[in-house]
Amino acid sequence: MIGNHTVDVGALLDEAHWSTYQKLLVVATATTIILDGLDNQLLGAAVPSMMREWGLLRPAFVPVQTAGMVGMMIGGAIGGVIGDRVGRRPALLGSVVAFGALTVLVSMSTGVLALTALRFLAGFGLGGAMPNAAALSSEYVPIRKRPFAVTLTIVCIPLGGSLAGFVGGLLLPRFGWRGLFMVGGVLPLMIAAVLLKVLPESPRFLAQRPERWPQLRALLRRLGHAVPDAAQFADLTEKQVARVSASELLRPDLRADTIALCGSFFFCLLTVYIGTTWVPTMLSGAGFDVATASYGLTAFNLGGVVGAILGAVLIMRLGSRLTMLAMAAGAIAGAVVLASIAIRPQSGFLVLAMLAWTGGLINAVQTTMYALAAHVYPTAVRATGVGTAVAFGRVGGVLSPSVGSWALEAGSSRYFGLMAATMTVAFGPPARLRRPFPGTAPGPQPRAAAR
């Protein structure tokens, strides 16, 4: 409490216990990202079936994949600004409704042209969801829990991708790719309707808007804080910004970290999408059946769920720099092994195991990058900062369908060798951040300094 009636919301949240209700809010936010990851990777699971139905070769789907990445790039940048100006909650739920409805329409596509347009538009929602989910989950919890909360949220991207591979393996043989997209579109619409009733706005966002202080009082009381009716609010743990704009990310105290984050997101997302876009097609071309090829996508993503959660725990303890560099080195080693072995059904167990290791560490690095970005930027431009870094990274995603297709034309060795090369370049930026998450020492947690 500051003065008689002014509450420092940042200090109140940072110094309090992480309550069960706060944990449930993080889980609710994470649910939207499971759906985001599911819808984002349905196309990768469905492409082999589409190729057979429409009598097309793999390069015909490069424009479809590219259009989706361009939509996500634009959606991430715009969605972050909307989240900082209007609110994380409406921006997040609006994104979920958008990609859910458009995924339903994908199930009715009759050709590549319509599919390309629909994936481009769905990309707006898929891209806009992630920066707002990262900002929202980071602002529900004490700062010492921020890496774990954000990672638990964003790790649901590979979890959703794993679900896409699993559901694809179940539904594709029975209902085809149209049934797969119908299920993938209806689920987000149902979940969005539930979250509209139960998911509140970020308390740190509400603290900056006096006209919404009644909502903030009710939320803080729900979190277990006794707040007087006449209380006013401030957040002294955060620096104020002149306006919500991407230009704020290049002010002197943020410029170096913004450039480093953008570089890391670019090469990480390039690597991630080289994998998730083409792993099922690569396995199918190597002689694996449709279900096993789809499960290869599950393996590539599922290891990321475990790796990212363990990485978040280590980041809280050891800091972000050492942890992320070790995970990147492990991903490079895994890609080198995959480039050196024969990809064939007879060695299916080894191939799936190495996909789980390599994809797991690649996804773990990418996922924890969101937590790092949410830590670097202050509340007023947090969604904008995360959205801008991700949008820059989407340029790598835009290139991934063409680059991945080119690599596959020469076989699996060049395909996985390319992953090793891109992760090697991504190795550097996390080491150069001026504001890495410092980790913690045994004993009481220090209060975060104003940034």
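Per the conditions (1) of a type in the set (S, T, N, Q); (2) modelled with pLDDT under 90; (3) in a helix (DSSP H, G or I); (4) over 30 Å from Tyr21 (Cβ atoms), the sole criterion not satisfied by Thr110 is (3). Note on the stretch 139-158: residues that are in contact with a Leu (Cβ under 8 Å, 6 or more places away or on another chain) and within 12 Å of Asn40 (Cβ to Cβ) total 1. Has the stretch 317-329 got any residue that is open to solvent by 40 Å² or more (accessible area, probe 1.4 Å), among the small types (Gly, Ala, Ser) and in contact (Cβ under 8 Å) with a residue 12 or more places away in the chain? Within the stretch 317-329 (the criterion being open to solvent by 40 Å² or more (accessible area, probe 1.4 Å), among the small types (Gly, Ala, Ser) and in contact (Cβ under 8 Å) with a residue 12 or more places away in the chain), the answer is yes, since at least one residue qualifies.
In summary, Met51 fulfils each of the numbered conditions (1) open to solvent by 40 Å² or more (accessible area, probe 1.4 Å); (2) more than 16 Å from Phe181 (Cα to Cα) with the single exception of condition (2). Taking the criterion of being more than 20 Å from the chain's Cα centre (by Cα) and open to solvent by 10 Å² or more (accessible area, probe 1.4 Å), the residues of the stretch 349-372 that qualify are Phe349, Leu350, Leu352, Ala353, Met354.
Of all the criteria given as (1) on the phi < 0 side of the Ramachandran plot; (2) surrounded by fewer than 24 Cβ atoms within 10 Å (Cβ to Cβ), the one not satisfied by Ile154 is (2).
Are any of the residues in the stretch 261-276 among the hydrophobic types (A, V, I, L, M, F, W, C), at pLDDT below 85 and either under 25 Å from the mean Cα position of the chain (by Cα) or not in a helix (DSSP H, G or I) (or both)? No, every residue in the stretch 261-276 fails to be among the hydrophobic types (A, V, I, L, M, F, W, C), at pLDDT below 85 and either under 25 Å from the mean Cα position of the chain (by Cα) or not in a helix (DSSP H, G or I) (or both).
Going by the conditions given, is Gly123 surrounded by 23 or more Cβ atoms within 10 Å (Cβ to Cβ) and free of Cβ contacts under 8 Å to residues at least 60 places away in the same chain? Considered against the rule, which asks whether it is surrounded by 23 or more Cβ atoms within 10 Å (Cβ to Cβ) and free of Cβ contacts under 8 Å to residues at least 60 places away in the same chain, Gly123 comes out as yes.
Every condition in (1) among the β-branched types (Val, Ile, Thr); (2) open to solvent by 20 Å² or more (accessible area, probe 1.4 Å); (3) in contact with a Lys or Arg (Cβ under 7 Å, 6 or more places away or on another chain) holds for Val306 except the one numbered (3).
Among the residues of the stretch 299-311, not a single one is part of a helix (DSSP H, G or I), among the aromatic types (Phe, Trp, Tyr) and more than 18 Å from the chain's Cα centre (by Cα). Residues that are surrounded by 15 or more Cβ atoms within 10 Å (Cβ to Cβ) and aliphatic (A, V, I, L, M) within the stretch 17-44 comprise Leu25, Val26, Ala28, Ala30, Ile33, Ile34, Leu35, Leu38, Leu42, Leu43, listed in sequence order.
Just one of Ala16, Ala11, Ala30, Ala45 is in contact (Cβ under 8 Å) with a residue 40 or more places away in the chain and over 24 Å from Phe148 (Cβ atoms); which is it? Residue meeting the stated conditions: Ala45. Of the residues making up the stretch 81-101, those that are aliphatic (A, V, I, L, M) and open to solvent by 30 Å² or more (accessible area, probe 1.4 Å) are Val81, Ile82, Val86, Val97, Ala98, Ala101. Within the stretch 397-414, the set of residues being modelled with pLDDT of 85 or more and surrounded by 24 or more Cβ atoms within 10 Å (Cβ to Cβ) comprises Gly404 only. None of Pro188, Pro173, Pro214, Pro158 is more than 26 Å from Leu136 (Cβ to Cβ) and assigned to a helix (DSSP H, G or I) except Pro173.
The values are calculated or read from the model by the stated rules, or taken from the named source; none is laboratory data. Since the model is a prediction, treat every value here as computed from it, not as a measurement. With ideal geometry, Cβ positions are generated from the backbone for all residues, glycine too; neighbour counts draw on all protein chains shown. Surface areas here come from the heavy atoms of the whole protein model, side chains and all, with no ligands, DNA or RNA. Shrake-Rupley method; radii C 1.70, N 1.55, O 1.52, S 1.80 Å.
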